[in-house]
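Here is the structure we will look at.
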Amino acid sequence: MSEIIVPTPFEKKTADAVVIGGGIVGASTAFWLSKAGLKVILVEKRDALSSLTTAASVECFRTQFTEKAMADLALPSVEMFENFKDIVGLPDIDIGITQKGYLFVTDEPDRVPDLEKAIKQYDKLGIPGSELISGPDLHKRFPFLAPRALAATFNNRDGWISTHETTYGFAKGSKDVQFFIRTRVTGINLDSNGICGVETDKGTLHTRLVVNCAGPYAGSVGEMAGLDMPLRTVRRQKAFIRTSRKGVPPNAPFTVDLENHAYWRPEAGGVICAWVDPDEPDSPPSDELATDWDFAAESIYRVSRLNPFFETIADELKAEDVDVSAGQYVYTPDDKPVIGPCDEINGFHLNCGYWCGVMMSPEAGKRVADIVTGRMDNKDNPLRYSRFKEGDVEKGDTFLK
């Protein structure tokens with residue numbers, strides 16, 4: 001029986017595994033470890049699960065990845081979202097799955113070959129349903145696009161979920177997990193055999209297995225164990241715009257302008273829009289992130305380029321209709337996450353380094369459990385931590401990362 005508690009101070013507790021981090025990645029990891037028969041304690045320093053990076057996300061998922069290592073996580077993760085009730089054994093849970101697709105759009109002729117190349121790669125990787133749409137067909141299917149839009153890739157299996165419900169679904173569906181909230185990790189203990197415990201502000205957790213799912217704090221947790229991980233944290237913002245304008249297409253997909261890194265999607269009561277600033281500097285992990293006063297205006301300006309209905313939203317916009325929030329992406333040298341054991345420290349496992357944690361979380365958590373239980377050999381895991389020292393590092397060409 002799993003429980004979410006604020007533990008009273010204790011001298012010591014014992015677990016088969018300790019998961020550090022209570023976002024969707026950590027909750028999925030705890031779920032799959034418990035399914036494998038392990039007694040698990042998850043430690044989260046904040047007041048609730050799903051309250052930092054997960055809560056700041058755009059809550060989306062997609063199948064459109066050009067790198068095999070990423071597609072091999074994304075495809076089964078989407079299938080798990082689609083069958084979430086059965087996966088977690090909770091027949092009444094509703095994660096709000098909305099599959100209206102991802103639409104990657106361009107108005108530049110020179111970009112069209114990139115879209116054609118991506119479709120060929122999706123087919124090669126066995127990603128079903130991806131299509132290249134161009135010309136009159138593009139505007140017939142997506143009439144909200146500007147006339148200048150030339151072509152797009154689209155997969156109607158992509159979409160978004162409620163990350164809050166999904167995270168708590170993993171927690172409620174876990175078999176033997178204690179979720180310790182308001183509990184801060186202060187150190188990781190080692191002996192001659194590797195990991196032997198986790199120090200917290202409530203007491204010591206004795207374990208031989210730790211999984212680092214600490215999101216933007218994953219580097220700091222690694223340092224506690226003596227590991228210097230090649231991770232960068234970067235602020236990403238998003239704007240929720242309240243609007244009841246009739247011109248907003250309620251059934252539109254998650255729509256990305258490939259030329260200026262801007263995107264938007266419908267949301268209850270309005271729209272979410274944002275853009276990825278390639279010049280955003282690295283920033284230290286933080287629970288409190290400032291937002292730029294002009295981010296919403298810049299986002300609306302950018303998405304309006306290929307979605308002109310946004311201009312009508314801007315005409316009547318009031319300050320109280322805008323809510324800008326921020327979270328942090330985590331990047332590795334090849335922009336792919338790190339999953340599995342760390343060779344340098346016996347018992348120290350990783351599930352971190354994400355700019356795409358929400359969409360990868362179901363299968364990533366399962367992979368951790370499969371490696372721990374021996375169902376998967378880490379040598380067959382392309383996202384193993386040792387790839388960096390092995391020199392197996394190559395950035396892919398997936399759109400919008």
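Quick grid of which residues meet (1) under 29 Å from A118 (Cβ atoms); (2) in contact with a Cys (Cβ under 6 Å, 6 or more places away or on another chain); (3) of a type outside the set (S, T, N, Q); (4) crowded, with 19+ Cβ neighbours inside 10 Å:
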residue: V303; (1), (2), (3), (4): yes, yes, yes, yes
residue: K318; (1), (2), (3), (4): no, no, yes, no
residue: K336; (1), (2), (3), (4): yes, no, yes, yes
residue: M359; (1), (2), (3), (4): yes, no, yes, yes
residue: G396; (1), (2), (3), (4): yes, no, yes, no
### Query
Name the pairs whose Cβ atoms lie under 9 Å apart, with the first residue in segment 335-361 and over 17 Å from R236 (Cα atoms) and modelled with pLDDT under 95, the second polar (S, T, N, Q) and outside any loop (DSSP other than H, G, I, E, B), and 6 or more positions between them or separate chains?
D343/N378
### Residues located in segment 7-22, provided they are within 26 Å of the chain's Cα centre (by Cα) and hydrophobic (A, V, I, L, M, F, W, C)
A17, V18, V19, I20
### Task
Consider E44 carefully, then state whether it is outside the structural domain of V372 (by TED's automatic domain parsing) and either surrounded by fewer than 18 Cβ atoms within 10 Å (Cβ to Cβ) or touching a residue at least 60 places away in the same chain (Cβ under 8 Å) (or both).
no
### Task
Just need a number here: residues in segment 208-247 that are assigned to a loop (DSSP other than H, G, I, E, B) and either without any contact (Cβ under 8 Å) to a residue 60 or more places away in the chain or at negative phi (or both).
15
### Task
Can you work out which of the residues in segment 249-265 that are closer than 22 Å to S325 by Cα and assigned to a loop (DSSP other than H, G, I, E, B) is farthest from the chain's Cα centre (by Cα)?
N260
### Message
I need the strands (runs of 3 or more DSSP E) fully contained in segment 283-401, keeping only those with at least 3 residues that are outside the structural domain of T207 (by TED's automatic domain parsing).
### Response
322-331
### Single unsatisfied condition, V112 versus (1) in contact with an Asp or Glu (Cβ under 7 Å, 6 or more places away or on another chain); (2) over 30 Å from K172 (Cα atoms)
(1)
### Answer residue from segment 191-207, given it is out of contact with any Gly (no Cβ under 7 Å at 6 or more places or on another chain) and part of a strand (DSSP E or B) and is surrounded by the most Cβ atoms within 10 Å (Cβ to Cβ) among those
V198
### Task
Sort out which residues of segment 89-126 are touching a helix residue (DSSP H, G or I) at 6+ places or on another chain (Cβ under 6 Å) and in the same structural domain as V303 (by TED's automatic domain parsing), and write them in order of number.
L125
### Task
With the checklist (1) crowded, with 24+ Cβ neighbours inside 10 Å; (2) in a helix (DSSP H, G or I); (3) among the aliphatic types (A, V, I, L, M) in hand, flag the one item L49 doesn't pass.
(2)
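The values are calculated or read from the model by the stated rules, or taken from the named source; none is laboratory data. The structure presented is a predicted model; accordingly, all values stated were derived computationally and were not measured. Note that each Cβ is placed from the backbone with ideal geometry, even for glycine, and that neighbours are counted across all protein chains shown.
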